[in-house]
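Where a number appears in this text, it was derived from the coordinates with a stated rule and is not lab data. Because the structure is predicted, anything quoted here is derived from the model rather than measured. With ideal geometry, Cβ positions are generated from the backbone for all residues, glycine too; neighbour counts draw on all protein chains shown.
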Amino acid sequence: MADDPTPDRTPDAEDRGRLDESRAWNIPSYLLAGVLGFGGLGWVLDRLLGTDFIVGIGIVGGMALAVYYVWFRYGTP
Amino acid sequence: MSLGLLAAAGGETFTAPGTEDFWQPLFGTSGALAVTRPAVVLVISAIIIMVVLSVATRRLSIVPGKGQMLTEATYGLVRNSIARDIIGSRDFLRFVPLLFSCFTLILLNNLFGIIPFFQYPTMARIAFPLVLALVVFVVYHYLGIKRRGLAGYLGSLLPPGLPGWIKPLVFLLELITYFITRPVTLALRLFGNMFAGHLLLLLFITGGEYMLLHSGSLGLQIFSIPTFGMGVVMTLFELLVEFLQAYIFTLLAALYIAGSLADEH
């Protein structure tokens, strides 16, 4: 395949379908990253500032951001 | 009649299997380092894969025998269904060795969970899937950085068309995803499935054995039959999970590599 003189550089429709399908596996990563990452950041800020509400904002905000981002990347044509 | 009473009547109490059942050092236990059962199983699996593949590919015939057919089917699955379809026909060939090694190694080690005498899924010890995930982690970051340079690579994490104010937040989200959640979930998914599945098998089978032989009560002895039955059902279910986890690990590795090679994000 590598020595093929005219390599096919455009994946056909079926390949595209499988690739898009596989990309769905990325979505849980983003959701987890949003909740844990921003929740963790909020927790650290809480520890530094001596407060107790930023972790909640981080978790909810991180979730919202991740959902928005998943919609942006995979939900829009 | 409670279960506790029944157990007490038998004289022995049942201890449920737990995490300690997975720590099985074989030799060299005096220090912190020990050669453990999963380590031995892993080495055996690597030898088996090497021998099987070199024997199966030595005498290739047009009309394949059973061994050649199985080898070709496995190779075809990784090469065509995973590598080519996801990475694309331009670049996929040089990643087939990595993906095929990952797939066969994970699959055989997972299958060892239910193969008699081995009966230990290596990936149920976190270090093994962690190292495999680290290999994938290094590969896809290396490819991305080599292709675009460090700054270009980090910049490429942001897709075009985002509103400006949200960019720093999304960039942070992408950083966390690329550098933390991806490798961690890759390792934990494999580890968790193998660990939990094997623990469940241990519970049904040691539980059934206890009820049948050590409980000393007819009721529990009768109930050991469905318990063993569940052990058989869960073993079949494990077979499916073991294959699926090897497939998903390889699929995600290919997907991450494809992401680092793709022109557009």
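Considering only residues in the range B:154-186 that are part of a helix (DSSP H, G or I) and more than 13 Å from chain A (Cβ to nearest Cβ), the one that is farthest from B:Leu134 (Cα to Cα) turns out to be B:Gly164.
Criterion first (in a helix (DSSP H, G or I) and surrounded by fewer than 17 Cβ atoms within 10 Å (Cβ to Cβ)) does B:Leu108 satisfy it?
Numbers: in a helix (DSSP H, G or I): yes; surrounded by fewer than 17 Cβ atoms within 10 Å (Cβ to Cβ): no.
Judged against the criteria, B:Leu108 is not a match.
For the range B:220-243, the count of residues that are within 14 Å of chain A (Cβ to nearest Cβ) and within 13 Å of the chain's Cα centre (by Cα) is zero. Of the residues screened, B:Thr71 is not one that is of a type in the set (S, T, N, Q) and surrounded by fewer than 16 Cβ atoms within 10 Å (Cβ to Cβ). In the set B:Ala133, B:Ala124, only one residue is surrounded by 14 or more Cβ atoms within 10 Å (Cβ to Cβ), within 14 Å of another protein chain (Cβ to nearest Cβ) and closer than 27 Å to B:Trp23 by Cα; that residue is B:Ala133.
Of the set (1) farther than 30 Å from B:Asp91 by Cβ; (2) within 14 Å of chain A (Cβ to nearest Cβ); (3) in contact (Cβ under 8 Å) with a residue 60 or more places away in the chain, all apply to B:Leu251 but (1). If the condition is being within 14 Å of chain B (Cβ to nearest Cβ) and either touching a His at 6+ places or on another chain (Cβ under 9 Å) or farther than 19 Å from B:Gly161 by Cα (or both), then the range A:44-73 contributes A:Val44, A:Leu45, A:Ile57, A:Gly58, A:Ile59, A:Val60, A:Gly61, A:Gly62, A:Met63, A:Arg73.
Just to be sure I understand, how many residues within the range A:30-77 are of a type in the set (Asp, Glu) and either at positive phi or surrounded by 17 or more Cβ atoms within 10 Å (Cβ to Cβ) (or both)? First the steps, then the outcome.
To start, the set of residues in the range A:30-77 that are of a type in the set (Asp, Glu) comprises A:46, A:52.
From what's left, either at positive phi or surrounded by 17 or more Cβ atoms within 10 Å (Cβ to Cβ) (or both): A:46.
Total meeting the criteria: 1.
Residues that are assigned to a helix (DSSP H, G or I) and of a type in the set (D, E, K, R) were ranked within the range B:79-97; the one that is nearest to the other protein chains (Cβ to nearest Cβ) is B:Asp85.
If you check B:Ala196 against the conditions, is it within 30 Å of B:Glu238 (Cα to Cα), under 13 Å from the mean Cα position of the chain (by Cα) and surrounded by fewer than 19 Cβ atoms within 10 Å (Cβ to Cβ)? Talk me through it step by step, then tell me what you get.
Details: within 30 Å of B:Glu238 (Cα to Cα): yes; under 13 Å from the mean Cα position of the chain (by Cα): yes; surrounded by fewer than 19 Cβ atoms within 10 Å (Cβ to Cβ): yes.
Judged against the criteria, B:Ala196 is a match.
For B:Leu202, the requirement of being in contact with an Asp or Glu (Cβ under 9 Å, 6 or more places away or on another chain), surrounded by fewer than 21 Cβ atoms within 10 Å (Cβ to Cβ) and within 14 Å of chain A (Cβ to nearest Cβ) is not met.
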